[in-house]
Structures are given as C-alpha cells and as structure tokens.
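The values are calculated or read from the model by the stated rules, or taken from the named source; none is laboratory data. All of these numbers come straight from a predicted model, not from anything done at the bench. Neighbour counts are summed over all protein chains in view; Cβ atoms, including those assigned to glycine, are modelled from backbone coordinates with ideal geometry. The protein model used for the area step is the full one, side chains on, heavy atoms only, and it has no ligands, DNA or RNA in it. Shrake-Rupley method; radii C 1.70, N 1.55, O 1.52, S 1.80 Å.
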Amino acid sequence: MKRILEINICLVFLFLYLPILAVVAFSFNSGEQTAVWQGFTFDWYAELFADADLWRACRNSLMVAGIATLIATVIGTATALAIERYRFRFREALVRCLYLPIIIPDIVLAIALLTFYVQTRMPLGLTSLIIAHSVFNIAFVTIVVRARLQGYDNSVEDAALDLGATEWQTFWRITLPLIAPGIIGGALLAFTLSIDDFVTTFFTAGVGWTTLSVHIYSLLKFGITPKINAISTMLLFNSIVFILLFLWFREKGARNSSGI
C-alpha cells in the first residue's frame, strides 16, 4: 500500500511539473516549433530584451506591483496588529472578511471590482489596477504578519515601557524589528502574486496599462512560440526567487521567535 501511494505521488508531481519543465526546455529551442527540438540557442531571450512592448509591459507590472505591495504591507501590518493586540466590536467579522479575497475565485473578485469602478465612474488605468491588486494582497500580508505575531513575546515590550520608553519608541525599536521578517515575507508574497496576476488585471486595466501577464496573453493569440516559453521561464524564475525569499524570511522569523 505504501509503495502504491509513493507511485501515485510521483505521478501527480510528474503531471504537474513536466509541462513546466517542457516550457523551460523549449525556450532554448533554436527552431520556431514548440514540440520539435531543433537545437540549443539563447536567441529568444535576446529577442525579448530587444522588445520595446515587452519592456513597457514589464515596467507597468513592476510599477503596479511595487505600489500595491507598499499599500498592502502598511494596511495589512496595521490590520494584523489591531486584530492580535485588541478586542473590538466586529473583530471576528473582520477576520472572516479578510479571507474572502483568498477564498473566492479570481473571476468573481475581478467582476466585483469592475462593477464597483463602473458604478463609481472611476476610469480604468493605473489607479484602478493598484486598488485591485491592493485588495487581494492585503489579506495575504495580514495572514503572514498575524502568523508572526502569534509567536510574539509581549514581555519584551513591557520591559521597554518599564525602562521609560514611550509607546512609539517601543514600536519602532522593539516591535517593528522583531516582526520585520514576517512583514518582509508578506511583502514578497504580495509582490509575487501581483506580478503573476492575470484575471484581476485583465478586468481592471485600462488602455495603455498592459501588464506583463496581459501582454503574454495577447501574444498567445498569434500562436505559441519559443518566445512565449522564454517569457514564461523568466516569470517562473521570478516567482521561484521571491517565494524562496519569502520562505527564508519566514524561517528567520520563526528562529527569532524561538530565541526571544
């Protein structure tokens, strides 16, 4: 029975990751076919670096992801501190509402945001994109920071207050440095999700604000080429790097918690 389960797990992983490995491999294919290997080359990556439209989309993605991550990190951290430190009316309702952007399908959130923009007559563009990305990122940042705060020792702050520090001094010199790994981890996760997002971006982006994911979709209309594989490989590499950084900061936060 154990061997059957092991084989089943291996088959599942092969089913999930073999197509991704195929995309990475054929991004180095010298031919224009994506199913027939004709030789090794870096020409498709060189073509990407010479594509002005691609760089414009990449700039838009970085701008939206950077601003949305900053907003989500500030609001998400403040929300996590409020939930963990204080008891107030509708606290449980707020906690449940935070999980909605994570639980509900992306298409539902995208349609809801688009409907909101239409009802409020907000033009689609940079502002609408930033608001949309901030909405679903706040929940992820809050959850990550809350996880960090649950292992936090409040006696350190009490000691600082007893020694004459003000509440702001205690927050900036004690609280913030100790929960920083959780905050940075949440920010990295939010940035990665924002860069990779397609559905919400497709519904809320205006003319002239095509992001990298939407740009890739527009290229797919003309067929899949090794250039698409090269872009996908770069996005995959970006996601892996930021996820590894997120895991590193989370482990660092866990070690700091155990050492307090």
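Here's the yes/no breakdown for (1) modelled with pLDDT of 80 or more; (2) in contact with a helix residue (DSSP H, G or I) (Cβ under 6 Å, 6 or more places away or on another chain):
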position	(1), (2)
ASP153	no, no
ALA159	no, no
ASP162	no, no
ALA180	yes, no
LEU193	yes, no
THR211	yes, yes
SER218	yes, no
ILE224	no, no
TRP248	no, no
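Do we find that LEU5 is in a helix (DSSP H, G or I) and exposed (fewer than 11 other Cβ atoms within 10 Å of the Cβ) in this structure?
yes
Considering only residues that are among the hydrophobic types (A, V, I, L, M, F, W, C) and assigned to a loop (DSSP other than H, G, I, E, B), look in region 186-205 and name the one that is farthest from PHE246 (Cα to Cα).
Residue satisfying both the conditions and the ranking: ALA205.
Listed here are the residues, each with its yes/no results for (1) out of contact with any Cys (no Cβ under 7 Å at 6 or more places or on another chain); (2) aromatic (Phe, Trp, Tyr); (3) loosely packed, with under 11 Cβ neighbours inside 10 Å.
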position	(1), (2), (3)
CYS10	yes, no, yes
LEU16	yes, no, yes
PRO19	yes, no, yes
VAL24	yes, no, no
TRP37	yes, yes, no
PHE42	yes, yes, no
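Is it the case that some residue within region 206-226 is open to solvent by less than 30 Å² (accessible area, probe 1.4 Å), in contact with a strand residue (DSSP E or B) (Cβ under 9 Å, 6 or more places away or on another chain) and assigned to a helix (DSSP H, G or I)?
Among the residues of region 206-226, at least one is open to solvent by less than 30 Å² (accessible area, probe 1.4 Å), in contact with a strand residue (DSSP E or B) (Cβ under 9 Å, 6 or more places away or on another chain) and assigned to a helix (DSSP H, G or I), which makes the answer yes.
Name the residue that is least open to solvent (accessible area, probe 1.4 Å), counting only residues in region 111-123 that are in contact (Cβ under 8 Å) with a residue 40 or more places away in the chain and part of a helix (DSSP H, G or I).
TYR117
Would you say ILE183 is under 16 Å from the mean Cα position of the chain (by Cα), closer than 18 Å to GLU84 by Cα and either free of Cβ contacts under 8 Å to residues at least 60 places away in the same chain or surrounded by fewer than 23 Cβ atoms within 10 Å (Cβ to Cβ) (or both)?
yes
For region 107-131: of the residues being closer than 27 Å to GLY182 by Cβ and touching a Phe, Trp or Tyr at 6+ places or on another chain (Cβ under 8 Å), which is modelled with the lowest pLDDT?
Ranking the candidates gives LEU109 first.
So for region 177-185 (the condition being part of a helix (DSSP H, G or I), of a type outside the set (Ser, Thr, Tyr) and over 20 Å from LEU70 (Cβ atoms)), does at least one residue qualify?
Within region 177-185, one or more residues are part of a helix (DSSP H, G or I), of a type outside the set (Ser, Thr, Tyr) and over 20 Å from LEU70 (Cβ atoms).
Would it be correct to say that ALA52 is at pLDDT 85 or above, open to solvent by less than 80 Å² (accessible area, probe 1.4 Å), of a type in the set (A, V, I, L, M, F, W, C) and over 16 Å from GLY206 (Cα atoms)?
In short, no.
For region 79-110, enumerate the residues that are assigned to a loop (DSSP other than H, G, I, E, B) and under 13 Å from THR142 (Cα atoms).
Once the filter is applied, which keeps residues that are assigned to a loop (DSSP other than H, G, I, E, B) and under 13 Å from THR142 (Cα atoms), region 79-110 yields only TYR99.
I'm trying to understand the selection: among the residues of region 66-98, which are hydroxyl-bearing (Ser, Thr, Tyr) and open to solvent by less than 80 Å² (accessible area, probe 1.4 Å)?
THR69, THR73, THR77, THR79
Identify, please: which residue in region 124-175 is outside any helix (DSSP H, G or I) and of a type in the set (A, V, I, L, M) and is, among those, surrounded by the most Cβ atoms within 10 Å (Cβ to Cβ)?
LEU124
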